[in-house]
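Engineer: Dropping the structure in here first, questions after.
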Amino acid sequence: MREYWTSLASLLGVLAFCKSLMNSIFPPELRFAFLKLSNRVFKLFSTFCYFDITEIDGVNTNELYNAVQLYLSSSVSIAGNRLSLTRAVNSSSITFGLSNNDSIVDTYNSVTVVWEHIVTQRQTQTFAWRPMPEEKRGFTLRIKKKDKNLVLDSYLEYIMERANEIRRTNQDRLLYTNSRGGSLDSRGLPWESVPFKHPSTFDTLAMDPVKKQQIMDDLTDFAQCQSFYQKTGRAWKRGYLLYGPPGTGKSSMIAAMANHLRYDIYDLELTEVKSNSELRKLLMKTSSKSIIVIEDIDCSINLTNRNKKQSNETETGFVEGSGDGSTITLSGLLNFTDGLWSCCGSERIFVFTTNHIDKLDPALLRSGRMDMHVHMSYCTFPSIKILLRNYLGYEEGDLNDDVLKEMEEVVDKAEITPADVSEALIKNRRDKDRAVRELLEDLRSRAKRNEKNGSLEEQEKMALDSPYAEANGGGEEEEIEDIICKSSDDY
């Protein structure tokens, strides 16, 4: 045994001497040429070809890498000998995939392929315009040369389709926000995300059933009509404007749309965006099958109606700016929703919300930008029945007919929002009879108050428009106010 180790040490010493001798005799250029020739000879006689799929392609995230990672995390990964298990924060699912530098065999149309997950340390960069991850990740696909065309023609497309299907059915949907403005993280993304778990659906949404069904049909048609948009030469996107008083369910509508289509949501905070170029960068980093939301757009930045702005300029001599250092212009926002940059992705929905539609510029409201205008109104009788079912479990026929009839008579006059009705029912959900009774009393008092206010407004208008008031000018205003006060005392 001792002689064996002695012989091995002598052999290693000879090899080391030969290597140092070759390095001193043969120049580096010649050695490099020899290695290059050897690789060519090896590839010539090799029956396999290799394809590298890196995580980051230049400055952008490689979507194919994400698709392969998601595809290999499905049932095919169960065949692996060593798996990497992960669970994201606030996530209900466990994801498993290939460990670092591990490989797995997959079969497609009776063709065997090998995937290998390659992870190496990235070389330290002296200068970088954005931070890069410390590790360089990628997948290497090994296939036989005779199967190259078959795999490239259909296998990769199959992986993309399977990844999209898995993402929509199994993976948690995400809610994104641009809390850093337009700055990028280590992965080159300007968005931060959390799991989206909002329970709102169209079944629980307090809204007129006919209008609700119209919106659902429009969303379904949009998601299933890619060929129609391609045939007509239109970008595969659609815009919705949700407007109405506060508390009428605009945010719940957005959540119901996302749950219906199983899309991610990008909640764009315009006050964090400082320029039109940052706005374009944010748009470029959004994914397909997503909803881009700008809530309360009339309050975010100064994008009011230009007609009103011109009249304001005439009277005061200037137009008030947003005051937050933002240089986003109306033109930049219009290009964001309907310009050339809006076509950099597909199957995306833009949703704007506002409490005052009259404050928005008409150019922002036209078809092609906001294709469907949805008025989120006060509660109607069908909305009341939906809320009673959601919070108290009442179905059709469980309530007294007289109570339902009275509710139907006063609900339109009450002008009550779904948020107010929900709060009244939540407060007394343990006592259903009391909840219904107090809701009916609230509807009566609101209806009476609105009728009173409406009557006073009509009397004031009639008094101000009367010939007697015009003839005597403002000197008789006190008598008009006395008439109105007497009328209010009668109530």
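Engineer: Please count how many residues of segment 70-122 are at pLDDT 65 or above, within 20 Å of L152 (Cα to Cα) and not in a strand (DSSP E or B).
Structural biologist: 5
Engineer: Any idea how many residues of segment 1-52 are under 30 Å from F139 (Cα atoms) and aliphatic (A, V, I, L, M)?
Structural biologist: Number of matching residues: 5.
Engineer: Same structure, new question: Determine which member of the set Y240, Y229, Y266 is over 15 Å from T177 (Cα atoms), within 15 Å of the chain's Cα centre (by Cα) and either of a type in the set (F, W, Y) or surrounded by 22 or more Cβ atoms within 10 Å (Cβ to Cβ) (or both).
Structural biologist: Y240
Engineer: Considering every residue within segment 365-386, establish whether at least one is at pLDDT 90 or above, open to solvent by less than 40 Å² (accessible area, probe 1.4 Å), in contact with a Ser or Thr (Cβ under 6 Å, 6 or more places away or on another chain) and not in a helix (DSSP H, G or I).
Structural biologist: yes
Residues are listed down the side, and each one gets a yes or a no for (1) more than 14 Å from S383 (Cβ to Cβ); (2) buried (at least 16 other Cβ atoms within 10 Å of the Cβ):
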| residue | (1), (2) |
| --- | --- |
| E409 | yes, no |
| A414 | no, yes |
| P418 | no, yes |
| V421 | no, yes |
| I426 | yes, no |
| R434 | yes, no |
| R437 | yes, no |
| E441 | yes, no |
| A447 | yes, yes |
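Engineer: Name the residues in segment 166-208 that are in a loop (DSSP other than H, G, I, E, B), among the polar types (S, T, N, Q) and either more than 29 Å from G138 (Cβ to Cβ) or at pLDDT 85 or above (or both), would you?
Structural biologist: N178, S179, S200, T201, T204
Engineer: If you don't mind, another one. Scan segment 239-290 for residues that are under 23 Å from M216 (Cβ atoms) and not in a loop (DSSP other than H, G, I, E, B) and report the count.
Structural biologist: 22
Engineer: Please state which of the following conditions K237 fails to meet, knowing it meets all the rest: (1) charged (D, E, K, R); (2) over 23 Å from V194 (Cα atoms); (3) at pLDDT below 90.
Structural biologist: (3)
Engineer: If you check A419 against the conditions, is it closer than 16 Å to M253 by Cα and part of a helix (DSSP H, G or I)?
Structural biologist: Yes.
Engineer: Another one. So S227 ticks every box in (1) farther than 30 Å from D412 by Cβ; (2) in a strand (DSSP E or B) but one. Which box is left unticked?
Structural biologist: So S227 meets the others, but not (2).
Engineer: I need the full set of residues from segment 254-311 which are touching an Asp or Glu at 6+ places or on another chain (Cβ under 8 Å), modelled with pLDDT under 85 and of a type in the set (K, R), in order please.
Structural biologist: Selection gives R306 alone.
The values are calculated or read from the model by the stated rules, or taken from the named source; none is laboratory data. All figures in this text were calculated on a predicted structure; none of them were measured in a lab. Every residue, glycine among them, receives a Cβ derived from its backbone with ideal geometry; neighbour counts consider all protein chains shown. Accessible surface is based on the protein model in full, side chains and every heavy atom, while ligands, DNA and RNA are left aside. Shrake-Rupley method; radii C 1.70, N 1.55, O 1.52, S 1.80 Å.
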